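One structure is given here, and the rest of the page talks about it.
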Amino acid sequence: MRCPFCGFADTQVKDSRPVEDGGTIRRRRHCPNCGARFTTSERVQLRELVVVKSDGRRVPFDRDKLERSIRIALRKRPVEDGVIERLVHTISRDLESSGEGEVTTRRIGELAMAALAKQDEVAYVRFASVYRDFAGVKDFEEFIGRMAHGQGVRERGSDESGD
């Protein structure tokens, strides 16, 4: 690992420990060239995923983008960072272990919505309003009405792209 301070190519690992989720390792590193210390995180990646967008474009899966979306939905909600990390880890692991090299934005959105529905109803509605592109109050009313009848996670129709 290259030193972020001086660019030296051969830093040394001084300490390694697993992070709470079990899928990440935190490493303390030392640069013998400049003496700097820094921390890195390593995450197991089962496979490279390609996301198929609604317009047909293909882009690499971005775990950080998924995390940002979930964090936005959970902003100012009583949910700890560790819970968010576990949600993202679970969704990412589900996608990677599916055996598919490509995944649609729709699949990612539905997995995120299902996870948020179990975690926090307000965050679930927030995420759904962006993911399903709510146009107005009527969309919220219909969605919350379905939630009240136990149908919130169910898909509305096959015409939604989830992009």
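Report the charge-dipole magnitude of the chain in Debye, nearest 20, computed about the Cα centre from +1 at each Lys and Arg Cβ and -1 at each Asp and Glu Cβ.
660
Using only alpha carbon pairs under 8 Å that are at least six residues apart, calculate the relative contact order of the range 1-86 and give it in whole percent.
17
Name the residue farthest towards the positive end of the dipole of the chain from the options PRO32, PRO78, SER97, assuming +1 on Cβ of Lys and Arg, -1 on Cβ of Asp and Glu, about the Cα centre.
The Cα lying farthest towards the positive end belongs to PRO32.
The list [x] 57, 36, 29; [y] 62, 37, 25; [z] 73, 37, 30 gives values of Cα extents along the principal axes in Å, and only one came from this structure; which label was calculated from it?
Here the calculated entry is [y].
What does the extension gain come out to for SER129 and ASP94, with contour length at 0.36 nm per residue minus their alpha carbon separation?
The SER129-ASP94 span can extend by a further 10.3 nm.
So what is the relative contact order of the chain, in percent, for Cα pairs below 8 Å that sit 6 or more residues apart?
For the chain, the relative contact order is 17 percent.
Bear in mind that the values in this text are calculations on the coordinates, not laboratory data. Just so we're clear, the structure is a prediction, and the values are computed from it rather than from any experiment. For neighbour counting, all protein chains shown are included, and Cβ atoms are generated from backbone atoms with ideal geometry for every residue, glycine included.
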